[in-house]
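Just so you know, all these numbers are worked out from the coordinates, no wet-lab data involved. A quick note: this is a predicted structure, and the numbers were derived from the prediction, not measured. Here the Cβ is made from the backbone with ideal geometry for all residues, glycine too, and neighbour counts use every protein chain on show.
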There are 2 protein chains.
Amino acid sequence: MDQLLALKYFCKVAETGSFTAAATAFSVPPSSISRRISDLETNLGTHLLTRSTRVVKLTEIGTAYLEQVKEILVQLELSNESVKSYQSSPMGQLRISSMVSFGERKLFPLLDQFSALYPDITLDISLSDELSSLANDDIDVAIRGGYAPDERIHAIKLMPNEFIPVASPAYLSAMGTPQDGFELRNRQGLFFRTPRGPSPWLLEINDQWHDVSGQPAVISNNANWLMKQGLEGKGIMIAPRWSVEPHLVSGELVELLTDTALSVNQNPGMGIYLLYQKPKYLVPKVKVFIDFLVENLMGRDD
Amino acid sequence: MDQLLALKYFCKVAETGSFTAAATAFSVPPSSISRRISDLETNLGTHLLTRSTRVVKLTEIGTAYLEQVKEILVQLELSNESVKSYQSSPMGQLRISSMVSFGERKLFPLLDQFSALYPDITLDISLSDELSSLANDDIDVAIRGGYAPDERIHAIKLMPNEFIPVASPAYLSAMGTPQDGFELRNRQGLFFRTPRGPSPWLLEINDQWHDVSGQPAVISNNANWLMKQGLEGKGIMIAPRWSVEPHLVSGELVELLTDTALSVNQNPGMGIYLLYQKPKYLVPKVKVFIDFLVENLMGRDD
DNA sequence: ATTTCTTTTGTCAAAAAGACAATAATATGG
DNA sequence: CCATATTATTGTCTTTTTGACAAAAGAAAT
């Protein structure tokens, strides 16, 4: 028995609630649908549908089975489509989702180069700090801080996401340079607001984490504005190293307490991750983009 | 074309590295294997295997496809088996994995009752605080503190996992009863060692978390021994409410700082979760156990 | 009660998969 | 270097499965 065909029929019948509707959808006579599903039921030893000549309904077990089967069919189709497109040239629309600040500072500068390499790929980039799921199929790759959410999602660590305290020379000359982590509690702080509230300042001493958050001078979810405040000497901020690197080099910002373990969360494995569904790596446009990012970002900072 | 059959053949060939070996495994002539896989390849438009009459190897794309297909076949088989066993009576071996302390204090007292209800189910219980994955098929249900790790794993919150500070009356009369969360830092503490180190004491004030861990008098990963130390007045411990409830009732332990938000982690949604793979709920022995636990645990403490 | 719509069943044709033998290709052994 | 053995493929036939069309049975609506 062709179980796959039976499952497709079954899903369509459940969706439409009718054998004939499913039959027209597949351009086969209703009898075929009836026979396939009947075969499936005898194989499983259970009735999946209660058919009363006029109305078709799912049984309890049918409902549960349908849910699982639908997921399986989607996965298989995704794999098949990925393989089919494998040997075509990289082209088409590539949907990318990224954290706002990372997108602006690291991604955008690379994209011109990428577009020159692959002119047939149309980039569609949306920046957001919300955790949009990859499950809805409209995003090919995502860039997020954190970890892999699901086994089916493949995660590549692009670079570490080391958080360091920084301040402008003007601020430091006016207020003095802190010599100890606990001193931060009395300082003006510029805080980034995540979807889960403002990021605290955490200090690690002997595997113990202490909250040493300063007095909030500014709280915002806009990294550009926070950075502007920091450059103007409004206070101390704890920011990812990659985001402040240019200002450290130019001397506009100074790194503080370099020998102290400070962060905004207790998790050491934090990094910037490139996320995509495994089968998608077979799609040329996705593959070249992933390889391009890995090539251009991992060589630099890691 | 029966793609499912072709995929099964493909997996077997990849596994054995031989068409004939796969053929004998399925008790069909090798020509059938060859034809099915050839069909599959033409459908996908790609070669999955490089066959050189003597040795069969996977292509790059074949390797990737195989990995995905194997997973899909396993899922489908799991769903099918679950449905097949749906209308049988609850029986057979039921493998349960649980956190040690929860198993000893809450689970064991219920199991006699469960065994009386379902004498045909053989219980196989292993207690461990390690995070054993449900993916390897040898565990039917698991009980863990924390969250759902994967979309395919279904999680039911059995009860909250509220952590509260407690101490024995003897300790309190000798050392005094703390009136403020920050006072805890100067007290003797009994700490539970998780796989990620001793649990700190955290105090929440205005969305800010402060580490107020006491001076460690005892650190252990054995909850029974820690409890013994606590009952003997060796110090303060922060423990799940359900684990100390009997001692609170009997007066052997006293809850401290009831108006203060203390915990061992920053995550408010923490709870005791019952975990299982979705298709397993169709298996009677699993279903009755889950329903039994939900019935007997959620009514009590939640 | 009749009409209408829908599922099922019967029968036959078409397509797909299996069986068996023969062929081609490549390692291994002498 | 050649012969042999092993393995995948191809050709042909048989068996099984699926699709197609018509007819029948069942249930709701007019």
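Observations on the structure shown:
- Farthest positive-ward along the protein assembly as shown dipole, Cα basis, beta-carbon charges - from B:Ala22, B:Tyr171, A:Leu256: B:Ala22
- 10 Å Cβ neighbours from other chains, averaged over peptide A:64-74: 5
- Averaging the Cα positions of each part gives two centres, and for segment A:23-56 and segment A:246-260 these lie 69 Å apart.
- Every helix of 4 or more DSSP H residues in chain B counts as -39500 (n - 2.57), and over all residues that averages to -11000 deg cm²/dmol at 222 nm.
- Rounded to two decimals, the Cα-based Rg/Rh of chain A, with Kirkwood Rh, is 1.16.
- With 25 Å as the limit on Cα-Cα distance, the pairs of B:Lys12/B:Lys278; B:Lys228/B:Lys287; B:Lys106/B:Lys228; A:Lys280/B:Lys57; A:Lys84/B:Lys57; A:Lys84/A:Lys157 that go past it are B:Lys12/B:Lys278; B:Lys228/B:Lys287; A:Lys84/A:Lys157.
- Alpha-carbon centroids, segment A:73-126 and segment B:60-93: separation in whole Å: 32 Å
- Counted by Cβ distance under 13 Å from A:Pro169, the other residues give a net charge of -3, where Lys and Arg count +1 and Asp and Glu count -1.
- Comment: the Cα-to-Cβ extended label point of B:Ser126, at 7 Å, lies 4.3 nm from its counterparts in the other copies, nearest first.
- Hydrodynamic radius (Kirkwood) for the protein assembly as shown, which is based on Cα pairs only, to one decimal in Å: 28.6 Å
- Antiparallel %, DSSP beta bridges [both residues in the protein assembly as shown], to 5: 60 percent
- Segment A:163-263 shape via C-alpha gyration tensor axes, a/c threshold 1.5: rounded
- For segment B:3-84, relative contact order (Cα pairs under 8 Å, six or more residues apart, normalised by length) works out to 27 percent.
- Pseudo-label separations to other copies for B:Pro195 - Cα-to-Cβ vector, 7 Å, nm: 2.6
- Taking A:Lys285, A:Lys57 and counting other C-beta atoms within 10 Å, the order from fewest to most: A:Lys57, A:Lys285
- Relative contact order (percent, whole number), chain A, Cα cutoff 8 Å, 6+ residue spacing: 22 percent
- Sparse-neighbourhood loop sites, GluC sites (Glu not before Pro) in segment A:216-302 - DSSP loop, at most 12 other Cβ within 10 angstrom: A:Glu232
- Short-range pairs are left out: with C-alpha atoms under 8 Å and at least six residues apart, the relative contact order of segment A:163-263 is 46 percent.
- Cα-based shape type of segment A:1-124, given that a ≥ b ≥ c are square roots of the gyration tensor eigenvalues and the cut on a/c is 1.5: prolate
- Taking amide H positions as modeled 1.01 Å from N, with prolines and chain starts lacking one, the residues under 5 Å from B:Leu49 and 5 or more places away or on another chain are B:Thr59.
- Considering only beta bridges that DSSP places wholly inside segment A:1-159, some 25 percent are antiparallel.
- In this assembly of identical copies, the label point of A:Gly45 (Cα plus 7 Å along Cα-to-Cβ) is separated from its counterparts by 4.3 nm, sorted shortest first.
- Peptide B:79-87, shielding by other chains (average Cβ, 10 Å cutoff): 6
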